[in-house]
Amino acid sequence: MPSIYQHLILYWKLHKIPILIVLVSSAFYLAFAYDLQRTDFIKLLTLFLGAFFLSFKLIQFEKWNLKFLLCAGILFRICFIIAEPNLSQDFYRFIWDGELVRHGINPYLHLPNTLIEQEGLVIANAQELYDGMGSLSAKHFSNYPPLNQVLFALAALLSGKSVLGATIALRGIIILADLGILYFGRKLLQNLSRSPHLIFWYFLNPLVIIELTGNLHFEGVMLFFFVWSMYLVSKNKWALAAVVFALSISVKLVPLLFLPLFLKHLGFKRSVLFYLIVGTTTLVSLIPFYSTEFLDNYSETVGLWFSNFEFNAGLYNLVKQIAVQFDAKPWELIKVYGKITTLLTITLVLLFTFLRKNQQLSTLMGSMLWVLCCYYFLTATVHPWYIVFVLLLALFTDYRFPLVWSGAVILSYWAYSNSAYKESLPLLALEYIVVYAFLLYEIFRLRGQNMLFRKN
């Protein structure tokens, strides 16, 4: 009978190259987590693209080996377990809000700028959190939905009153969410008659690992509830799906865009009930935080994303460059552009709702992909972690251009290589040219035999 040693030797011989890929990838992630300043763009780019290429090869070698790829994905995430996020400072605000909720203080009613001036403030590590979140965050009310706030409070409760403890707790929540996405994503792919291994394009994607586990963005938690909900829809359990879909909205508001698309898929009567359940569940989640000032403060803060901020924009940067030549004022342009973007997005949602045959779940998922991509193509703010949603949606369709985008979006981090946070328009142009080119390639040639990323 073969010994354990002999089994290990045999396993090494059979999986030598994938094991070496995992070890090298782990070294890249460790360097990314503990030995990278975000101002060092060349190192950041090299590590990211190296990890991206290795993830491609790993899936290529082991795409039917669930246990191997699962262990690899968990190992890559563990590499970040005690690291301080180095590409984003948002986590300081997450912990701040969590401390507020833990002590019964409504984060939608109090500005950090005001609270920090109070004597005897109960927030643990208040000054460190306030300094870390930055002046922009400190002067605005919280814009994170209710369930997100509850998760922040849970992390604060588990933190042991330390920033590192809260960071580890947040990271644990996000890793569990990714495991949930893997579980329900595989089941949903099977229900759509697609290869279940496709979910590893999400689970092993460096953008997902770095931006979610590494930098603690909660897109993954939102996507866990979203994928779970869509799986329930695929099983015709639409009432329970509505509850779970509302939980997704209560983490991030993005899934709100998709609500009209269910009209044809569920039919008029069931869709009305679906909307009622989603609305009721969302309102219930708001009750602990509701006050007369809540709606004003929250809508004002969310509105800033449409009229004040810009980052990694595609079409907007082109419009701005042309408009400035005609003496347009950038601070006035973005306000007008934000309103136009909102109207265009609503129009696109309605077009995909009434002109597309969303009765089939695969078509519905495709409509969701196009609505969200069009919104991101139009909007003035596209942070890299936003692309995670379109990446996941694409796996349930025939399109793979979001996978290319998940690699190209790293070019936007050039902005952090200088103290003025000035973006490089040539690099942004390169990013979007690559994405648009691959999108056009797929539109015209996807149905042929020369697919770059095969679905099976």
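The values are calculated or read from the model by the stated rules, or taken from the named source; none is laboratory data. Fair warning: this is a prediction, and the values are worked out from it, not measured in the lab. Cβ coordinates were reconstructed from backbone atoms using ideal geometry, including for glycine residues, and neighbour counts include every protein chain displayed. These area figures cover heavy atoms from the full protein model, side chains too; ligands, DNA and RNA do not enter into them. Shrake-Rupley method; radii C 1.70, N 1.55, O 1.52, S 1.80 Å.
Based on the convex hull around the alpha carbon atoms, the stretch 13-78 presents an average projected area of 4.4 nm². Using a simple spin-label model with pseudo-atoms 7 Å out from Cα toward Cβ, Leu256 and Thr347 lie 2.1 nm apart. The value of relative contact order for the stretch 290-384, using C-alpha pairs under 8 Å at least six residues apart, is 48 percent.
Probing with 1.4 Å while keeping every protein chain in the model, the per residue accessible area of the stretch 305-382 equals 51 Å².
Note on the stretch 300-442: Cα convex hull, mean projected area over all directions, 9.6 nm². A 1.4 Å probe run over the protein chains yields, for the stretch 53-126, 45 Å² of accessible area per residue, whole-number rounding.
Only helical runs count toward this figure. For the chain, summing -39,500 (n - 2.57) over DSSP H runs of n ≥ 4 and dividing by all residues gives -21500 deg cm²/dmol at 222 nm.
Measuring nothing but how far apart in sequence close Cα pairs (under 8 Å, 6+ apart) lie, relative to its length, the stretch 285-444 scores a relative contact order of 24 percent. The value of relative contact order for the chain, using C-alpha pairs under 8 Å at least six residues apart, is 15 percent. Along the charge dipole of the stretch 225-296, Cβ charges K/R +1 and D/E -1, which of Ser271, Thr292, Thr281 sits furthest on the positive end? Result: Ser271.
For Ser193 and Lys43, FRET efficiency with R0 = 51 Å and r from the beta-carbon atoms, rounded to 0.05? It comes out at approximately 0.75. Straightening the chain between Val434 and Ile105 buys 113.8 nm, computed as 0.36 nm per residue apart minus the Cα-Cα spacing. Among the trypsin sites (Lys or Arg not before Pro) in the stretch 345-400, those located in a DSSP loop and surrounded by at most 12 other Cβ atoms within 10 Å of their own Cβ are Lys357. To the nearest Å, what is the center-to-center distance of the stretch 66-122 and the stretch 219-282, using C-alpha atoms only? For the stretch 66-122 versus the stretch 219-282, the Cα centre distance is 27 Å. Specify the longest stretch of the chain that does not include any exposed loop site, a site being one of the GluC sites (Glu not before Pro) with a non-H, G, I, E, B DSSP assignment and at most 14 other Cβ atoms within 10 Å. Answer - 120-292.
Can you match Cα extents along the principal axes in Å to one of these, (i) 75, 46, 44; (ii) 71, 53, 51; (iii) 145, 41, 34, based on a calculation from the structure here? Answer by label: (ii). In this structure, the amide hydrogen of Phe311, modeled 1.01 Å from its nitrogen in the peptide plane, lies closer than 5 angstrom to those of Thr381, Val382, counting only residues at least 5 positions away or on a different chain. Beyond 21 Å in Cα-Cα separation lie the following of the pairs Lys16/Lys57; Lys43/Lys422; Lys235/Lys357; Lys187/Lys235; Lys187/Lys252: Lys187/Lys252.
Taking a span of 24 Å or more along the helix axis (Cα atoms) and a mean Kyte-Doolittle hydropathy of at least -0.5 as the rule, the DSSP H helices of the chain that qualify are 4-34, 41-62, 163-191, 268-286, 330-354, 361-378, 425-445. Which percent of the accessible area of the chain is formed by carbon and sulfur heavy atoms (probe 1.4 angstrom)? Carbon with sulfur: 67 percent of the solvent-accessible area. About its Cα centre, the dipole of the chain is roughly 2200 debye, where the only charges are +1 on Lys and Arg Cβ and -1 on Asp and Glu Cβ. Local charge for Ala155 was computed over the other residues whose Cβ lies under 15 Å away, with Lys and Arg +1 and Asp and Glu -1, and equals 0.
Cross-link partners for Lys339 among the aspartates and glutamates, with Cα-Cα distance under 15 Å and sequence neighbours closer than 8 places in the same chain left out: Glu300, Glu310.
Taking only the C-alpha atoms of the stretch 101-160, the Rg (one decimal) and the largest Cα-Cα distance, Dmax (whole number), read 11.3, 29 Å.
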